[in-house]
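Here's the structure, in structure tokens; my notes come after.
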Amino acid sequence: MNIQALINEKVSQALEAAGAPAGSPAAVRQSAKPQFGDYQANGVMGVAKKLGTNPREFAQKVLDVLDLDGIASKTEIAGPGFINIFLSEAFLAKQADSALADPRLGVASEEQKTIVADYSAPNVAKEMHVGHLRSTIIGDAVVRTLEFLGHKVIRANHIGDWGTQFGMLIANLERVQKENDEVSMELSDLEAFYRESKKLYDEDEDFAQRARSYVVKLQSGDEYCAEMWKKLVDVTMIQNQRNYDRLNVSLTREHVMGESMYNDMLPPIVADLQEKGLAQEDDGAQVVFLDEYKNKDGEPMGVIIQKRDGGFLYTTTDIACAKYRYETLGADRVLYFIDSRQHQHLMQAWTIVRKAGYVPEEVTLEHHAFGMMLGKDGRPFKTRAGGTVRLADLLDEAEERAIKLIESKNPELDSEEKSKIANTVAMAAVKYADLSKHRTTDYVFDWDNMLAFEGNTAPYMQYAYTRVASIFAKAGIAMDSLEGEILVSEEKEKALIAKLLQFEEAVQAVAREGQPHIMCSYLFELAGQFSSFYEACPILNSEDAAIKQSRLRLAALTAKTIKQGLALLGIDTLERM
């Protein structure tokens, strides 16, 4: 149950009954401090201002008609007109029991929507590098959350698999095949192959001519070029899939929707935009002038959708992309996890999409932008030599560091278990370090913080789960065999339950805002509340059998909530560390 939504609805009804205009926001929020209750309604002041009445007097009118019977034990007016709401212990205990009995931990399914999520998007014939990490793992965490809430989610891995560079790549692939009979599907260093192709293109005129002719042949559907192109895509996706599998990212080959998919849509779109009077010729190119975007002289900005040589641009593909996602995939909502530097480009493409009527207003096109990953020097994260960090190398280093960490903490583990734990901790650390930061900000990549057992880190969260699970292992009791019901006799029990019951609010916020850090913050706070509860309230040593069962039930609900919350982030838990 979303308690915040329930109270919000009750306060909204009371506001209206007290004389507020219909639809006035109740603005119910979780309270920042326990002395202000569990929730706080902040909407009274705004309404009182509109009505020209005293906020505290109006707050009293609201309280007089506010029906929180069976939900709150106390309500009070604070400050200039806030309403503090203290939940009743009986209500909390009942909701916690319901959550524990529910495989979904009390999280309701939402009305199903079809949601297309565009994330990861590496390029063909290039290795994935750290620049692809944020899009991949932020997108994947949001996708998992949306699916958990019952939505039909279509993953779209919009790979860069089209363009003029494929002429030189096909020409080089042909050269390598002639020399070696065949090309290994292990093209061990795609980057080197790409660089070699570019060097040949720049230095060998015969090669460059052949490359240019292959671009034309590929775009006109030549069978040989299409076969070579497919080989390059396959080699790349095999390598990328290794990274996805290592990172526990839910993308597979079937989710690939490359730029090439939209190729046939581009000429009709340009023709349609011309017919609608949106596109016009300018210096031989087809351009859409947008009043919404002005150049430095205050004139409408021109967005080129077809070059004078007939070639198309990324904008044209992105227009086709949005059209396809609505018309063919039936999207109700489209999410793009693309870095913040692409914002204006996307907004321009979508402005054209809306003007052309390709996607109706009720279907949202959302750019969930993210900042950059920085080194400790505050600059974009690079190798010591100043090159781009390959994602596979980053993951290798994470595993090496995690093995040393696990050896220092638990030296008696056998090598197989040590390797499994190190792998789980390493991938979790890389992902959580990113996911725990606000999506739109740049963040500093720091190995020491990432693998620390203190603070809001993956090792701390995984250990928090292991610690709770160990209570049951020590007692020889299965989490699912507990009896009795949850009782509240201590303040720390109440605080823990209140936090446990905010799980649904965190899940819905991640889905709504595309912000996985909300879940990380929630889980970190939950782990802290459990620690306080564990120190203040004996569990296995409790002399009262009913209280012992109640506290074990609270421990079980905590463990399940942490496990489920981390699973939504694509992070595995461990039964022991």
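The values are calculated or read from the model by the stated rules, or taken from the named source; none is laboratory data. On a predicted model such as this, the values are computed, not experimentally measured, just so you know. Note: ideal-geometry Cβ built from the backbone for every residue, glycine included; neighbour counts use all protein chains shown. All accessible areas refer to the heavy atoms of the entire protein, side chains included, with ligands and DNA or RNA removed. Shrake-Rupley method; radii C 1.70, N 1.55, O 1.52, S 1.80 Å.
The table that follows gives values for the structure above.
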item	result
Only Lys, Arg (+1) and Asp, Glu (-1) charged, at Cβ; the chain dipole about Cα centre in debye	1180
In Hz, Karplus ³J(HN,Hα) per residue of segment 145-153 (6.51, -1.76, 1.60; θ = phi - 60°; x = Gly, Pro)	5, 4, 5, 4, 7, x, 7, 8, 10
Accessible area expressed per residue, the chain, with surrounding protein chains retained (probe 1.4 Å, Å²)	46
Radius 12 Å from Cβ of Ala48, net charge of other residues (Lys, Arg +1; Asp, Glu -1)	+3
Cα-based Rg and Dmax for segment 87-191, where Dmax is the largest Cα-Cα distance (Å)	23.5, 78
Apportionment of accessible area to carbon and sulfur, the chain, percent (1.4 Å)	47
Hydrodynamic radius (Kirkwood) for segment 471-532, which is based on Cα pairs only, to one decimal in Å	13.6
Largest-first ordering by accessible area, 1.4 Å probe, given options Lys494, Lys113	Lys113, Lys494
Alpha carbon centroid spacing (whole Å) that separates segment 15-75 from segment 510-577	31
Fraction in percent of alpha-carbon pairs per bin - 10 Å, segment 420-499	15, 31, 30, 20, 4
Taking N as its residue count, the alpha carbon Rg of segment 268-395 over 2.2 N^0.38 Å	1.30
The chain - percent relative contact order, Cα under 8 Å, separation 6 or more	15
For q = 0.11, 0.19 Å⁻¹, Debye-computed log10 I/I(0) when each Cα of segment 117-253 counts as one equal scatterer	-0.46, -1.06
Projected area averaged over orientations for segment 229-277, convex hull of C-alpha atoms, nm²	4.8
Which of Gln515, Thr440, Gly476, positive extreme of dipole for segment 439-577 (C-beta unit charges)	Gly476
Too-long pairs where the Cα-Cα distance tops 20 Å, listed order kept, from Lys437/Lys560; Lys230/Lys307; Lys126/Lys217; Lys94/Lys492	Lys437/Lys560; Lys230/Lys307; Lys126/Lys217
Calculated log₁₀ intensity ratio I(q)/I(0) where the Debye formula runs over C-alpha points of segment 114-153, q = 0.16 Å⁻¹	-0.45
Segment 455-577: radius of gyration and largest Cα-Cα distance (Dmax), Å	14.3, 46
Exposure ranking of Arg308, Arg401, Arg384 by accessible area [1.4 Å probe, largest first]	Arg384, Arg308, Arg401
Range of Cα positions in segment 359-439 per principal axis (Å), largest first	61, 35, 20
Anchor Lys420: aspartates and glutamates whose Cα lies under 17 Å away (excluding residues fewer than 8 positions away in-chain)	Asp245, Asp396, Glu397, Glu399, Glu400, Glu407, Glu412, Asp572, Glu575
0 to 90° range, to nearest 10: angle between helix 190-203 axis and the chain longest Cα axis	30
For segment 1-94, the Rg and Dmax computed from alpha carbons only, in angstrom	12.4, 41
Set of lysines with alpha-carbon distance to Lys294 below 18 Å, sequence-local pairs under 8 removed	Lys355
Hydrodynamic radius (Kirkwood) for the chain, which is based on Cα pairs only, to one decimal in Å	27.3
Shape call, segment 187-294: gyration tensor on alpha carbons, a/c limit 1.5	oblate
Whole-angstrom Cα spans of segment 422-464 along principal axes, big to small	28, 18, 15
Distance histogram for segment 262-310 (every C-alpha pair counted, 10 angstrom bins, percent rounded to whole numbers)	27, 49, 22, 2
